[in-house]
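Written below as structure tokens is the structure these notes are about.
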Amino acid sequence: MSYDYDLFVIGAGSGGVRASRISSSFGAKVAIAEEYRVGGTCVIRGCVPKKLFVYASHFSEDFEDAANYGWSVGKATHDWKTMIKNKDAEIDRLNGIYYSILSNNNVELFENRAELIDAHTVKLGERTVTAKYILIATGGTPVMPEVEGIEYAISSNEAFHLEEMPKRVVVVGGGYIAVEFAGIFNGLGADVIQLYRGEQILRGFDHHVQQMVADEITKKGIDLRTHANPAKIEKTTDGLKITLEDGGVIEADAIMYATGRRPNTAGMGLENVGVDLKPNGAVVVDEYSKTSVDNIYAIGDVTDRVALTPVAIHEGMAFAETVFAGKPRAFDHSNVPSAVFSQPPVGTVGLTEAEAREKYGDVDIYKSEFRPMKQTITLGSERAMCKLIVHPETDKVLGVHVVGADAGEIIQGFGVAVKMGATKEQFDATVGVHPTLAEELVTMREKYTGDS
Ligand code: NDP
């Protein structure tokens, strides 16, 4: 049977665009559908604008630090609208690059919502097309819990387009997005209250990282409240009134929820064609990203494996090699490095101490906490931390965790080492780069026995 396309990709985010480009380079005839803007969450309303906001917000601290280095900066003020305008221009530029990537690689773009009619037929508005293979790469969307008055709350999507900078902000959640946005608004001068329903933010991260980030963001002025959650949100004449589950009341100009993301699978016809979904709507896939239907694959956040852009890109490349290059490849989801762009940021790869203990029993811990050099002659009190988790018999480094300036940059290189299975001895044989924060990772010799 002949089809209009060899591959039809639904969703032009990082994963979908990469999969379509690589598949096309292997000779496949490819089309892609996107209902919003080409580029996806990361480029349009995620990693990229978020990182620009983080840069913007960090200047306030830099201006303060500058004084002790001899600079007279004067009174610094921030113009929200300028930041938004310049951020939007950059997103438009990247959006344009994504269009070019598709056209330069002969990938036909449909700016439509796509719905599956059967396993090979896609409905795009009024027309239908057929394809031998279908790849679902529709990403995720913020979850807004059912709370009275939730319509007055925003998610990160809206935070990127606020007309004015809110002066009093409540951020709900304790994950990546909540911690990053609490830091952004705080750095830009807002009064920030972060509400987390549990005991400690950044659940799933190493416990020393959790504690350190909680301490540091509190020192920087974020009012972090644990075991706290809104019960009701009301609009008032000058903002919002937020009543907490324990009866407490907060007045704010904005409340932003960062309470997780849900895979985008609703209304796509997936159930009708027999694609199995998890209870949260995520597409069930095997190690080759194949769904329960033989010719339908799924990659990225919609599969709810590791919701990170570079992972979606790797899954997309593995898919293209598997299906169109005759080289079946399952992407290995272990030891994925990642960063939280909190202030200070976190870089992490491999197992947390708790995960390592659960898997291997006893493990060796190396930990160093210190005042970074930049802070020694400033009034800042920010601290940094480096931590290694090592297998006592094989000497393999099982986990590397960094809290401190440029932790995201640092962890990229150490991610290579951990992926290669480097040992502590090999870390020790590596000469440190002096003076840096990262050199601690190759100079720690004493096992940490503190609270472990
Ligand atoms: P997360 O799953 O990381 O965090 C969600 C947070 O919201 C948790 O603290 C959770 O609490 C809390 N929460 C969930 N439901 C409720 C509720 N009903 N009421 C109150 N609190 C609730 O999600 P994010 O939205 O922060 O991010 C989604 C994903 O996006 C991340 O997991 C990550 O993979 C990716 N991401 C990566 C970034 C990076 O690499 N720098 C940046 C941003 C996002 P609890 O802990 O109790 O479950």
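Could you tell me whether any residue of segment 138-146 is farther than 19 Å from Asn272 by Cα and hydroxyl-bearing (Ser, Thr, Tyr)?
Within segment 138-146, the subset farther than 19 Å from Asn272 by Cα is 139-146.
The next check asks that each one be hydroxyl-bearing (Ser, Thr, Tyr); those that pass are 141.
Yes, segment 138-146 has at least one match.
Hey, does segment 115-134 have a residue that's touching a helix residue (DSSP H, G or I) at 6+ places or on another chain (Cβ under 7 Å) and either within 30 Å of Ala182 (Cα to Cα) or modelled with pLDDT under 95 (or both)?
Here is the first cut: in segment 115-134, the residues touching a helix residue (DSSP H, G or I) at 6+ places or on another chain (Cβ under 7 Å) are 116, 118-119, 133.
Restricting the remaining residues to those that are either within 30 Å of Ala182 (Cα to Cα) or modelled with pLDDT under 95 (or both) gives none.
So far as segment 115-134 goes, no, none of its residues is touching a helix residue (DSSP H, G or I) at 6+ places or on another chain (Cβ under 7 Å) and either within 30 Å of Ala182 (Cα to Cα) or modelled with pLDDT under 95 (or both).
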Query raised in the report: Since Thr82 meets every condition but one in (1) without any contact (Cβ under 8 Å) to a residue 40 or more places away in the chain; (2) within 16 Å of the ligand (Cβ to nearest atom), which condition does it not meet?
Result: (2)
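Yes or no: Glu35 part of a helix (DSSP H, G or I) and of a type in the set (Asp, Glu)? Steps first, answer last, please.
On the way: part of a helix (DSSP H, G or I): no; of a type in the set (Asp, Glu): yes.
For Glu35, the condition - part of a helix (DSSP H, G or I) and of a type in the set (Asp, Glu) - is not met.
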Report summary line: Of (1) over 28 Å from Ser342 (Cα atoms); (2) under 21 Å from the mean Cα position of the chain (by Cα), Asp6 satisfies every one except (2)
Query raised in the report: Applying the selection to segment 379-402, what residues are buried (at least 18 other Cβ atoms within 10 Å of the Cβ), β-branched (Val, Ile, Thr) and more than 13 Å from Thr436 (Cα to Cα)?
Result: Ile389, Val390, Val397, Val400
Report summary line: Residues in segment 125-168 that are more than 16 Å from the ligand (Cβ to nearest atom) and crowded, with 21+ Cβ neighbours inside 10 Å total 6
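Residues checked against (1) in contact with a strand residue (DSSP E or B) (Cβ under 8 Å, 6 or more places away or on another chain); (2) under 25 Å from Ala89 (Cα atoms); (3) part of a helix (DSSP H, G or I):
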| residue | (1), (2), (3) |
| --- | --- |
| Leu102 | yes, yes, yes |
| Tyr133 | yes, no, no |
| Thr138 | yes, yes, no |
| Glu146 | no, no, no |
| Ala182 | yes, yes, yes |
| Val192 | yes, no, no |
Query raised in the report: Considering only segment 112-132, how many residues are over 12 Å from Leu270 (Cα atoms) and among the β-branched types (Val, Ile, Thr)?
Result: 3
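Against the condition modelled with pLDDT of 95 or more and surrounded by 21 or more Cβ atoms within 10 Å (Cβ to Cβ), how does Ser57 come out, does it pass? Break it down into steps so the answer makes sense when it comes.
Numbers: modelled with pLDDT of 95 or more: yes; surrounded by 21 or more Cβ atoms within 10 Å (Cβ to Cβ): yes.
So Ser57 passes the test.
In segment 64-87, what count of residues is obtained for those that are surrounded by 14 or more Cβ atoms within 10 Å (Cβ to Cβ) and modelled with pLDDT of 95 or more? Give the steps one after another, and end with the answer.
Filtering segment 64-87 for residues surrounded by 14 or more Cβ atoms within 10 Å (Cβ to Cβ) gives 64-66, 78, 80, 83-84, 87.
Next cut, modelled with pLDDT of 95 or more only: 78, 80, 83-84, 87.
Of the residues in that region, 5 qualify.
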Report summary line: By residue number, the members of segment 231-275 that are within 23 Å of Tyr176 (Cβ to Cβ) and of a type outside the set (A, V, I, L, M, F, W, C) are Tyr257, Thr259, Gly260, Arg261, Arg262, Pro263, Asn264, Thr265
Query raised in the report: Mind checking whether some residue in segment 200-211 is closer than 30 Å to Arg357 by Cβ, within 10 Å of the ligand (Cβ to nearest atom) and in contact with a Leu (Cβ under 9 Å, 6 or more places away or on another chain)?
Result: yes
Query - Index of the failed condition, Cys42 passing every other in (1) at pLDDT 95 or above; (2) closer than 21 Å to Asn295 by Cα; (3) touching a Ser or Thr at 6+ places or on another chain (Cβ under 9 Å) - result: (2)
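Scanning for something within 12 Å of the ligand (Cβ to nearest atom), small (Gly, Ala, Ser) and more than 30 Å from Asp206 (Cβ to Cβ), does segment 92-104 turn up at least one residue? Reasoning before the result, please.
Residues of segment 92-104 that are within 12 Å of the ligand (Cβ to nearest atom), as a first pass: none.
Among the residues of segment 92-104, not one is within 12 Å of the ligand (Cβ to nearest atom), small (Gly, Ala, Ser) and more than 30 Å from Asp206 (Cβ to Cβ), which makes the answer no.
Residues checked against (1) touching a Cys at 6+ places or on another chain (Cβ under 9 Å); (2) assigned to a strand (DSSP E or B); (3) closer than 30 Å to Met1 by Cα:
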residue	(1), (2), (3)
Gly74	no, no, no
Lys87	no, no, no
Asn95	no, no, no
Tyr99	no, no, no
Asn112	no, no, yes
Val122	no, yes, yes
Thr128	no, yes, yes
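Out of the strands (runs of 3 or more DSSP E) lying entirely within segment 296-410, which hold 3 or more residues that are of a type outside the set (Ser, Thr, Tyr), on the phi < 0 side of the Ramachandran plot and at pLDDT 95 or above? Talk me through it step by step, then tell me what you get.
Numbers: elements: 296-298, 338-340, 346-350, 364-370, 384-390, 397-403.
Here the list reads 346-350, 364-370, 384-390, 397-403.
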**Report entry** Residues within segment 228-251 that are touching a strand residue (DSSP E or B) at 6+ places or on another chain (Cβ under 8 Å) and either within 30 Å of Val293 (Cβ to Cβ) or within 16 Å of the ligand (Cβ to nearest atom) (or both), tallied
**Finding:** 11
Query raised in the report: Taking the stated definitions as given, is Met373 without any contact (Cβ under 8 Å) to a residue 40 or more places away in the chain, surrounded by fewer than 20 Cβ atoms within 10 Å (Cβ to Cβ) and not charged (D, E, K, R)?
Result: no
Report summary line: Across (1) in contact with a strand residue (DSSP E or B) (Cβ under 8 Å, 6 or more places away or on another chain); (2) in a loop (DSSP other than H, G, I, E, B); (3) surrounded by fewer than 18 Cβ atoms within 10 Å (Cβ to Cβ), Met268 clears everything bar (3)
Query raised in the report: Can you pull out the residues in segment 278-288 that are more than 14 Å from Leu135 (Cβ to Cβ) and crowded, with 18+ Cβ neighbours inside 10 Å?
Result: Ala282
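Please find, within segment 259-284, the residue that is farthest from the ligand (Cβ to nearest atom) out of those that are over 23 Å from Gly175 (Cβ atoms) and without any contact (Cβ under 8 Å) to a residue 40 or more places away in the chain. Outline the logic, then answer.
If we filter segment 259-284 for residues that are over 23 Å from Gly175 (Cβ atoms), which is where we start, we get 267-276, 284.
Cutting the leftovers down to without any contact (Cβ under 8 Å) to a residue 40 or more places away in the chain gives us 271, 276, 284.
Numbers: Glu271: 24, Asp276: 22, Val284: 19 Å.
Among them, the one singled out is Glu271.
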Report task. With the checklist (1) surrounded by 20 or more Cβ atoms within 10 Å (Cβ to Cβ); (2) within 16 Å of the ligand (Cβ to nearest atom) in hand, flag the one item Val336 doesn't pass. Result -> (1)
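The values are calculated or read from the model by the stated rules, or taken from the named source; none is laboratory data. Owing to the predicted nature of the structure, the values given are computational and were not obtained by experimental measurement. When we count neighbours, we look across all protein chains shown, and the Cβ atoms used for this are built from the backbone with ideal geometry, even at glycine.
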